[in-house]
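Worksheet: the structure to be examined is printed underneath.
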Amino acid sequence: MLGSVIPSSRWLIRSLLAQVDWDRARYFVEYGPGVGTITRHILKRMRPDARLLALEINDDFVRHLNAAIDDPRLVIRSDSAARLGAVLDELDWPHVDYAVSGIPFSTMPPADVEAVLDETRARLTPQGEFLVYQFSRHSAQYLHRSFDDVSREFVLRNVPPVSCYRARSNGVVAKGKP
Ligand SMILES: C[S@@+](CC[C@H](N)C(=O)[O-])C[C@H]1O[C@@H](n2cnc3c(N)ncnc32)[C@H](O)[C@@H]1O
């Protein structure tokens, strides 16, 4: 089961996380961490007092992550990205600085994708960013519909080549606690 996911390459990770302000960011979330390749990079770079919430729906991956990564800053939940708000409320996290996603929009029902985007936009700080990688070009339409500012880098060296997106909302105030 764990073999069913191709871990993200270093080129993909470099592109996806290139613009992160590591000195400022306190709250990260990751959707679909899989075997934890990106998770480990975020943990390596983030502040000692920062936190990372990983939401993964595959229980095999959740078990693997719990066994493989021992870091008090990481919270792993067997839950969908579409339930971000409820999980953040349970954890009493005030907002999200960066949401990082590897979940495949192209294979999800559109309503589920919209739910993930709504939850993400609602919880990101006004300076917050949604960092997304997608193998299907058609997925970009979702981001453009939900976010004001979307940029894309195509990472040819990843196998298969992948698009890394950086999405922001102008002037949207996060719904979370102050
Ligand atoms: C392409 S894999 C991620 C690979 C990962 N970045 C790595 O390097 O190992 C996509 C992951 O998204 C998870 N996933 C799919 N839909 C999800 C959802 N709605 N919420 C959370 N995780 C989801 C899948 O179980 C899978 O582990």
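Of note:
- Residue within segment 89-101 that is among the aromatic types (Phe, Trp, Tyr), farther than 25 Å from Arg137 by Cα and within 13 Å of the ligand (Cβ to nearest atom) present: no
- Qualifying positions in segment 21-38 - in a loop (DSSP other than H, G, I, E, B) and within 14 Å of the ligand (Cβ to nearest atom): Gly32, Pro33, Gly34, Val35, Gly36
- If you check Leu55, Leu65 for being farther than 25 Å from Val159 by Cβ, touching a residue at least 24 places away in the same chain (Cβ under 8 Å) and aliphatic (A, V, I, L, M), only one passes: Leu55.
- Segment 71-87, subset out of contact with any helix residue (DSSP H, G or I) (no Cβ under 6 Å at 6 or more places or on another chain) and assigned to a helix (DSSP H, G or I), residue surrounded by the most Cβ atoms within 10 Å (Cβ to Cβ): Val87
- Residue check, Thr125 surrounded by 16 or more Cβ atoms within 10 Å (Cβ to Cβ) and out of contact with any Leu (no Cβ under 9 Å at 6 or more places or on another chain): yes
Residues are listed down the side, and each one gets a yes or a no for (1) within 23 Å of Leu124 (Cβ to Cβ); (2) modelled with pLDDT under 95; (3) within 15 Å of the chain's Cα centre (by Cα):
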{"site": "Ala18", "(1), (2), (3)": "yes, no, yes"}
{"site": "Asp23", "(1), (2), (3)": "yes, no, no"}
{"site": "Leu52", "(1), (2), (3)": "yes, no, yes"}
{"site": "Asn66", "(1), (2), (3)": "no, no, no"}
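- Single match in Tyr133, Tyr142, Tyr98 (criterion: among the aromatic types (Phe, Trp, Tyr) and either more than 12 Å from the chain's Cα centre (by Cα) or assigned to a helix (DSSP H, G or I) (or both)): Tyr142
The values are calculated or read from the model by the stated rules, or taken from the named source; none is laboratory data. What you are looking at is a predicted structure, and each value in this text was computed from that prediction instead of being measured. All Cβ positions, glycine included, derive from the backbone under ideal geometry; neighbour counts span all protein chains shown.
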